[in-house]
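Undergrad: Structure provided below as structure tokens; questions to follow.
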Amino acid sequence: MSDRDSVFFRNFTIFSAVLTVLAIILILIGRSVHYSSVGDHSDQVDRSVVQSNIQPVATVNTDPNAVAAAPVVAGGAEAPFDGSVDGQLIYDNVCMACHTTGAGGSPTLVKSQWDSRMEQGIETLYKHAIEGYTGSAGLMPAKGGRTDLTDEQVQAAVDYIVSHIQ
Ligand code: HEC
């Protein structure tokens, strides 16, 4: 071995020894921390704490009335579209998805599809649009599915439909 080799070997041995001592110290510290924090009740798990830690962040509410009731519970939440009764605005944003495409059997703004409906009178059309109903063509959801709309907003949309039937 050359001088340089033996110097390296000595330094390396010291370095390894220091690392080994350090590792042992860390293991001892780790053990003492573990035992002091877990203490005697290491095999007693507080189930209520575990339950609250792993509970889901949300649950699905299958109560059909809950959705309709929500705005009331929230203390009379603001009507959407700033409470606007602009029939076209409501129609474009809520009703159009079905009534322009005819999705799900919904009548499009074509006269032949509305003749028999118009015979029921406008009040029935309002009622069916607000409360929803199932006819022979399909399901008209209450307020087009937007139960946060006011009755006036839905009526304005019906008026828009009725005046745009061609
Ligand atoms: C998810 C699709 C869908 C949306 C959204 C929708 N409708 Fe309808 N609507 C229907 C279907 C389907 C029918 C036909 C039901 C039948 O007669 O069988 C219908 C029928 C109607 C009728 C006729 C009622 C009658 O007595 O013949 C009116 C009025 C109406 N919708 C208004 C609206 C208004 C206003 C909106 C928006 C606020 C809207 N709809 C949104 C699907 C929809």
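Undergrad: Look through the stretch 98-117, keep the residues that are in contact (Cβ under 8 Å) with a residue 40 or more places away in the chain and under 19 Å from Ile130 (Cα atoms), and return whichever of them is nearest to the ligand (Cβ to nearest atom).
TA: Cys98
Undergrad: Quick check on Ile161: is it among the aliphatic types (A, V, I, L, M) and within 8 Å of the ligand (Cβ to nearest atom)?
TA: Values: among the aliphatic types (A, V, I, L, M): yes; within 8 Å of the ligand (Cβ to nearest atom): yes.
Answer is yes for this residue.
Undergrad: Restricted to the stretch 109-153, and to residues that are among the basic types (Lys, Arg) and surrounded by 13 or more Cβ atoms within 10 Å (Cβ to Cβ), which residue is farthest from the chain's Cα centre (by Cα)? Steps first, please.
TA: Residues of the stretch 109-153 that are among the basic types (Lys, Arg), as a first pass: 111, 117, 127, 143, 146.
Add one more test, that the residue is surrounded by 13 or more Cβ atoms within 10 Å (Cβ to Cβ), and what stays is 117, 127, 143, 146.
On the way: Arg117: 36, Lys127: 30, Lys143: 21, Arg146: 16 Å.
Per the stated criteria, the residue is Arg117.
Undergrad: Before we move on, is Ala156 modelled with pLDDT of 95 or more, under 28 Å from the mean Cα position of the chain (by Cα) and either buried (at least 16 other Cβ atoms within 10 Å of the Cβ) or not in a loop (DSSP other than H, G, I, E, B) (or both)? It would help to see each step written out before you state the result.
TA: Numbers: modelled with pLDDT of 95 or more: yes; under 28 Å from the mean Cα position of the chain (by Cα): no; either buried (at least 16 other Cβ atoms within 10 Å of the Cβ) or not in a loop (DSSP other than H, G, I, E, B) (or both): yes.
No; evaluated as a whole, the condition is false for this residue.
Yes/no matrix, rows are residues, columns are (1) modelled with pLDDT of 95 or more; (2) touching a Gly at 6+ places or on another chain (Cβ under 7 Å):
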| site | (1), (2) |
| --- | --- |
| His41 | no, no |
| Thr62 | no, no |
| Ala79 | no, no |
| Leu89 | yes, no |
| Gly105 | no, yes |
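Undergrad: Please go through (1) more than 18 Å from Asn93 (Cα to Cα); (2) in contact (Cβ under 8 Å) with a residue 24 or more places away in the chain for Glu131 and return the number of the only condition it doesn't satisfy.
TA: It fails just one condition, (2).
The values are calculated or read from the model by the stated rules, or taken from the named source; none is laboratory data. Predicted model, so just to flag it, every value in this text is computed and none were measured. Heads up, the Cβs are rebuilt from the backbone with ideal geometry, glycines too, and the neighbour counts pull from every protein chain shown.
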